[in-house]
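The values are calculated or read from the model by the stated rules, or taken from the named source; none is laboratory data. No experiment lies behind these values; they were computed from the predicted model shown. Counting neighbours? That spans all protein chains shown, and the Cβs are built from the backbone with ideal geometry, glycine included.
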Amino acid sequence: MRSQNSAITMSDHYENAPWEEALKNTANNSVYWNVHPTHSESMDIYTALNHISLIVRKFKRKLFENQTFETETKVLFRSSDKLNSIYFKSINQQELHGLQSFGFGYPLYIARHKKDKERLIVAPLFIWHLELKPDAQKHDKWHIIHRPEMPLSYNKYLIQYWKEEFKMDFRPMFEEFVRNKDQAHIRFNRFMEKMTSSLRADGLLPPNEILACPLQNTMAKMSRKSSFHWSGALSLFPPQMDRIFENLQAIPEKKIDSKETKTTTQLKQHPFSLWPNDPDQQDVLEAYPKEQSILIKAAIGAGKTYLISNIISNMLSNGKTCLVISPTTKTQKGIKEKFATHQLDKFLIALNDPILDKQKFRELVQLKLNQKTHYSTFHAGNYNNALSNATKAKTHLDSLYTSLRKIQFGPYTWEDTVGLFLGHQRLEAKELLEEFLKKEDFKLSYQEYVIILKDL
């Protein structure tokens, strides 16, 4: 579907690069192209902070110094409606997909697209991820929260645009800047001076405070020659698709010392899981190690998450690893809670937000690699013997179950035959059971009850 907004519509008379096609086909990513409040669901920070220069200046200083702070703001009715919309969309994204996408984009690069002169670019260079909360008592009061662990990212679409149009790769510069975000307030002026010089763009050195977003006629004049503007906007910034910009390289395999893998007794692989399966689920559990891919289709509530939990338990107990990806966070939370009932959740790493949890994931992996895992000691030979006995018992039970499902009488299985017999005898299962269980056997007098209590 083509957007009706001229600011993010691309002409068809030239071939788009893959990253442009992704941006064109993903409406949410249009904010990386044009974050101006008149063209996207965003709000000028100057408006959000009620045009109070002192608060805006303080907001920028604490943000650039990577401090923990909470800014309170009371906005006008029209602005409150827009913040309401942004807030509820951010809550929905967090609940459904685990994404905390609310953030502040600053400063703005304003220019006309080189290939499509009708298209205006008003793109943020950096995105500080924040948290937005409504006040519990006043409907027109909002809280903008920042914590040091919240990431600072940059506009990869804009970097790629400069690379395509100006043959300049600024990615290393931006990577270095966001890596040392604690010193952003020291290096920002020098960084922007270099960017302005490299792109031959208009723009004075950034002031101490954040300016209001330029009006439409002002942007039209500014866009005749590319320029940087020291204003910013609050909006939702969805994760950028790294695969569009980066050539994925194969990760070199780690060479494992033969001494590390050498054991006295090799443990056998098994088809068991932590929780009982029905026959269909067990078929999948036994089939997945042999197949490259398996598609499981079932209705909601049919037990897909339950089956995934059993596959994970089987893989972990067989010394393997497993990655579970879901469009919602409900599945991961359910699996984590299920393993926690057996104190096995320490073997799982559950991540919600691909941006905010990136550093957490890196630290967890590094911790796992550096620490030596101490498992409970057990005799491998005894384990294999117990596993063989369990496998024989399973084979015997499987054969009994299969015999019940075989055709026994004409076109009917044993199960069907018993059902037809009961139907023919006009006996319900309850009535049939009562023939064997006599009610008087279960009637206890008070004296018998007292005797039983004493025995207990």
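The rows are residues; the columns are (1) surrounded by 14 or more Cβ atoms within 10 Å (Cβ to Cβ); (2) in contact with a Lys or Arg (Cβ under 8 Å, 6 or more places away or on another chain); (3) modelled with pLDDT under 75.
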site: Pro239; (1), (2), (3): yes, no, no
site: Gln249; (1), (2), (3): no, no, yes
site: Lys254; (1), (2), (3): no, no, yes
site: Pro279; (1), (2), (3): no, no, no
site: Leu285; (1), (2), (3): yes, no, no
site: Pro289; (1), (2), (3): no, no, no
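Taken as a whole, the stretch 190-197 holds no residue that is in the same structural domain as Lys62 (by TED's automatic domain parsing) and within 17 Å of Ser235 (Cβ to Cβ). Using beta carbons and a limit of 9 Å, which pairs, at least six apart or on different chains, have the first residue in the stretch 114-135 and without any contact (Cβ under 8 Å) to a residue 40 or more places away in the chain and under 22 Å from Ala48 (Cα atoms) and the second one of a type in the set (S, T, N, Q) and outside any loop (DSSP other than H, G, I, E, B)? Taking only residues 6 or more apart or on different chains, the pairs are Glu131/Ser90. Of all residues in the stretch 40-68, those being surrounded by 15 or more Cβ atoms within 10 Å (Cβ to Cβ), touching a strand residue (DSSP E or B) at 6+ places or on another chain (Cβ under 7 Å) and not in a helix (DSSP H, G or I) number 6.
Which one of these is at pLDDT 50 or above, among the hydroxyl-bearing types (Ser, Thr, Tyr) and over 25 Å from the mean Cα position of the chain (by Cα): Thr47, Thr9, Thr68? It is Thr47. Cβ separations smaller than 8 Å between residues 6+ apart or across chains give the following pairs from the stretch 401-425 residues that are surrounded by 12 or more Cβ atoms within 10 Å (Cβ to Cβ) to residues that are among the β-branched types (Val, Ile, Thr) and outside any strand (DSSP E or B): Gln408/Thr417.
Residues are listed down the side, and each one gets a yes or a no for (1) out of contact with any strand residue (DSSP E or B) (no Cβ under 6 Å at 6 or more places or on another chain); (2) at pLDDT 80 or above; (3) of a type outside the set (Val, Ile, Thr):
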position: Ile121; (1), (2), (3): no, yes, no
position: Pro124; (1), (2), (3): no, yes, yes
position: Glu176; (1), (2), (3): yes, yes, yes
position: Arg190; (1), (2), (3): yes, yes, yes
position: Gly203; (1), (2), (3): no, no, yes
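For the criterion of being touching a Ser or Thr at 6+ places or on another chain (Cβ under 8 Å) and assigned to a strand (DSSP E or B), Trp142 passes. Of all residues in the stretch 170-183, those satisfying the criterion of being buried (at least 17 other Cβ atoms within 10 Å of the Cβ) and closer than 30 Å to Lys221 by Cβ are Phe170, Phe174, Phe177. Contact annotation: residue pairs with Cβ atoms under 7 Å, 6 or more positions apart or on different chains, pairing a residue in the stretch 283-294 that is more than 13 Å from Asn314 (Cα to Cα) and assigned by TED's automatic domain parsing to the domain that holds Cys322 with a partner that is hydroxyl-bearing (Ser, Thr, Tyr) and surrounded by 13 or more Cβ atoms within 10 Å (Cβ to Cβ), are Ile294/Tyr288. Considering Lys268, Lys225, the condition of being more than 30 Å from Leu99 (Cβ to Cβ), part of a loop (DSSP other than H, G, I, E, B) and either at pLDDT 80 or above or assigned by TED's automatic domain parsing to the domain that holds Leu83 (or both) is satisfied by Lys225 alone. Screening Ala302 on (1) under 25 Å from Phe272 (Cα atoms); (2) at pLDDT below 75; (3) not polar (S, T, N, Q) shows it passes everything except condition (2).
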